[in-house]
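To start, the structure under review is shown below, and the notes come after it.
The values are calculated or read from the model by the stated rules, or taken from the named source; none is laboratory data. What you are looking at is a predicted structure, and each value in this text was computed from that prediction instead of being measured. Because the Cβ atoms are built from the backbone with ideal geometry, glycine has one as well, and the counts that use them run over all protein chains shown.
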Amino acid sequence: MLKEVFGYAAFRGPQEDIVRHVAAGGDCLVLMPTGGGKSLCYQIPALLRQGTAIVVSPLIALMQDQVAALREAGVRAAFLNSSLAAADAAAVERSLLAGDYDLLYVAPERLLMPRFLAQLERLQAVNQLALFAIDEAHCVSQWGHDFRPEYMQLALLHERFPAVPRIALTATADRVTREEIVQRLGLTGARLFVSSFDRPNIRYRIVEKANARAQLLAFVRAEHAGEAGIVYCMSRRKVEETAAWLSEQGVRALAYHAGMHADARSDHQARFQREEGIVMVATIAFGMGIDKPDVRYVAHLDLPKSIEGYYQETGRAGRDGLAADAWMTYGLGDVVNQRRMIDASTAEAKFKRIAAAKLDALLGLCESSSCRRVRLLAYFDEVSPACGNCDVCLAPPQVWDGTEAAKKALSCVYRTGQRFGAVHLIDVLLGKETERVQQWGHAALSTFAIGKELDEKVWRTVFRQLVAQGLIAVDHAGHGSLKLTEASRAVLTGAQTVELRQAQAGKPKSGSRRSTATAAGLDAEAERLWRRLRAWRADIAREHGVPAYVVFHDATLAELARSRPLTETALAQISGVGTRKLEHYGAALLELLRD
């Protein structure tokens, strides 16, 4: 089934065990990174078992793309959601009851309708329900930014259809979220399959924020000109402004956020999916379930809320397994804004404590002087050696004994009454007689001008790292003012030393240009063929009205260009060329390859 329908010669990681378990009627929870092949874990059991598999998916765009890809592979698939007119939805329901589908994708709110549940009961009565797949299962978690209330009700699948196997899947779940998924979906006793969270093809880079837009533009121009990317911003206004500015600089950028008109949002998403080289500037409203495999980079202009959010968002890069970048610019202002948002929320105290702890873990990642990947994977309880493919590994930061600087910074926080932010404190330490320093009488303090041996940029990194190390806290109620923590006492008394990363000197070092063709290991001749294959694929995609990657992934085209099969038998051995695609495209491909 794997080879004939999907064109793959072998399963990856735990895929085969999962497929066998679900096909045999078992329940399970699958944690697998984006691009790890989660979909096959329920699509193949759906084809092996009798009846129709019902796939619960939270996003319309994802359903449409997955159904298009399945139909290209010869699988009988359809979707049922609010994008369909009433007559079309009724036709899908009739076909469902007639047994015309192997897989049906449904939105959670549609699944929960009494009418649809009654139709499922009719299918169950004649043994025509193959399985339930609950995709993006982390949406059940109240602690996550993708929380969907409808997901809380999906436990009824177990209550009403106890004999039908269920598979819940997610690419992001720490221990707390994992336990919540099991509890809320009634998966107690289900097998847990946890793949490595590592995405070795992604290069992680976090740079100190100076002029974020200019830093982003330099990164894109130097390393990803003309390639697809996603840029995340915290606010809708910043999304609009950044997209407009990038467009003025010659980058094909579009905006996406929840405040846009639905038609504009849908149009921008469709263009991103179907056109080459579009950069989507978005809030976190964009991305979950985006199945575009050739996103070459994900950039953050603002700090995400947690490591889970960062991991999930960066995971949208390089789903095809080729080299990709996760790039972020970050500063103390990001920390202040995030703390303020946590404090301003109407959530209960427990939620605020968890949100603050998640933010602290992310700060630790940002300020790490050791391998980013080791730190990232450790958050998901995974042990890993240094990766050699993050900024820290590629250009290890220098560290210095910052104990004296820390003492001065902490003393300044204390002497000024723990009521001011970093900008004012740095002015005091540098001996700047600004209007505000004079207004508060801080030029008379013992800490005034005691920090002249360091410049303003270094002091910014000192304060940021002291916050990350838990020696200073951001006072939520004090408009971003900094205050001492209990841990700072040991530093001030000389009982504890402080090690700090050196500030980046000048312009942050960027990586080398890594084009998709280069990353795929193609020589000049193979790259020319690869580009012809991409042009052919683009024509086919337009003709069929689907994104190009639904026809063939870049990785498949790269393998075709590299190995250049000249017979139908050899063509069938290429990863991603299944029986249906061989029938449809084999002759055209062989003509191109022989030319």
**Fill in**
In the range 6-30, anything touching a Lys or Arg at 6+ places or on another chain (Cβ under 7 Å), crowded, with 17+ Cβ neighbours inside 10 Å and among the hydrophobic types (A, V, I, L, M, F, W, C) is listed as A23, C28, V30
**Search result, residues across the range 538-554 that are surrounded by fewer than 21 Cβ atoms within 10 Å (Cβ to Cβ) and either among the hydrophobic types (A, V, I, L, M, F, W, C) or free of Cβ contacts under 8 Å to residues at least 40 places away in the same chain (or both)** = A538, D539, I540, A541, R542, E543, G545, V546
**Item:** Test: P304 is in a loop (DSSP other than H, G, I, E, B) and at pLDDT 90 or above
**Value:** yes
**Request:** Please enumerate the residues belonging to the range 65-89 that are assigned to a helix (DSSP H, G or I) and of a type in the set (V, I, T).
**Result:** V67
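Among the listed residues A244, A218, A262, identify the single one that is modelled with pLDDT under 95, surrounded by fewer than 18 Cβ atoms within 10 Å (Cβ to Cβ) and of a type in the set (A, V, I, L, M, F, W, C). Show your work before the answer.
Details: A244 fails: modelled with pLDDT under 95; A218 fails: modelled with pLDDT under 95.
Of the residues listed, the single one that is modelled with pLDDT under 95, surrounded by fewer than 18 Cβ atoms within 10 Å (Cβ to Cβ) and of a type in the set (A, V, I, L, M, F, W, C) is A262.
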**Message:** For a quick check of your reading of the model, give me the residue pairs whose first member lies in the range 575-595 and is outside the structural domain of G321 (by TED's automatic domain parsing) and on the phi < 0 side of the Ramachandran plot, whose second is part of a helix (DSSP H, G or I) and modelled with pLDDT under 90, with beta-carbon atoms closer than 8 Å and at least 6 apart or on different chains.
**Reply:** S575/A555
**Message:** Considering only residues that are surrounded by fewer than 19 Cβ atoms within 10 Å (Cβ to Cβ) and either assigned to a helix (DSSP H, G or I) or of a type in the set (F, W, Y) (or both), which ones fall in the range 93-108?
**Reply:** E93, R94, S95, L97
**Item:** Matching residues in the range 60-112 - criterion: being polar (S, T, N, Q) and more than 13 Å from V550 (Cα to Cα)
**Value:** N81, S82, S83, S95
**Request:** Out of the residues in the range 320-366 that are under 30 Å from G36 (Cα atoms) and of a type in the set (V, I, T), state the one that is modelled with the lowest pLDDT.
**Result:** I354
**Item:** Which numbered condition Q338 misses (of (1) in contact with a Leu (Cβ under 6 Å, 6 or more places away or on another chain); (2) part of a loop (DSSP other than H, G, I, E, B); (3) not small (G, A, S))
**Value:** (2)
**Request:** Scan the range 249-308 for residues that are touching a residue at least 24 places away in the same chain (Cβ under 8 Å), out of contact with any His (no Cβ under 8 Å at 6 or more places or on another chain), within 21 Å of L217 (Cα to Cα) and among the acidic types (D, E) and jot them down.
**Result:** E276, D302
**Complete:** If you go through L187, L192, the only one that is assigned to a loop (DSSP other than H, G, I, E, B) and either touching a strand residue (DSSP E or B) at 6+ places or on another chain (Cβ under 6 Å) or at pLDDT 95 or above (or both) is L187
**Prompt:** Which residues, taken from the range 279-331, are among the aliphatic types (A, V, I, L, M), surrounded by fewer than 24 Cβ atoms within 10 Å (Cβ to Cβ) and within 22 Å of Q465 (Cα to Cα)?
**Reply:** L301, I307
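Taking the range 112-159 as the search range and keeping residues that are of a type in the set (D, E, K, R) and in a loop (DSSP other than H, G, I, E, B), which one is nearest to F286 (Cα to Cα)?
In the first step, residues of the range 112-159 are kept if they are of a type in the set (D, E, K, R); the result is 115, 121-122, 135-136, 146, 148, 150, 159.
Okay, now just the ones that are also in a loop (DSSP other than H, G, I, E, B), so 135-136, 146, 148.
Values: D135: 17, E136: 14, D146: 11, R148: 15 Å.
Result: D146.
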**Asked** How many of the residues in the range 409-432 are in contact (Cβ under 8 Å) with a residue 60 or more places away in the chain and over 39 Å from the mean Cα position of the chain (by Cα)?
**Response** 2
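So in the range 379-408, with the set limited to residues that are without any contact (Cβ under 8 Å) to a residue 60 or more places away in the chain and surrounded by fewer than 16 Cβ atoms within 10 Å (Cβ to Cβ), which one is nearest to V176 (Cα to Cα)? Talk me through it step by step, then tell me what you get.
From the range 379-408, those without any contact (Cβ under 8 Å) to a residue 60 or more places away in the chain are 383, 385-386, 388, 392-393, 396, 404, 408; that's our starting set.
Those left that are additionally surrounded by fewer than 16 Cβ atoms within 10 Å (Cβ to Cβ): 383, 385-386, 388, 396, 404.
Values: V383: 18, P385: 25, A386: 26, G388: 30, P396: 33, E404: 39 Å.
Here the answer is V383.
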**Message:** Can you pull out every residue in the range 1-59 that is among the acidic types (D, E) and not in a helix (DSSP H, G or I)?
**Reply:** D27
**Selection count where residues are of a type in the set (D, E), farther than 29 Å from T188 by Cα and at pLDDT 95 or above, scope the range 26-76** = 0
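How many of the residues making up the range 161-181 are in a helix (DSSP H, G or I), free of Cβ contacts under 8 Å to residues at least 60 places away in the same chain and in contact with a helix residue (DSSP H, G or I) (Cβ under 7 Å, 6 or more places away or on another chain)?
If we filter the range 161-181 for residues that are in a helix (DSSP H, G or I), which is where we start, we get 175-181.
Still in the list and also free of Cβ contacts under 8 Å to residues at least 60 places away in the same chain: 179-180.
Narrowing the set further to residues that are in contact with a helix residue (DSSP H, G or I) (Cβ under 7 Å, 6 or more places away or on another chain) leaves 180.
The qualifying residues number 1.
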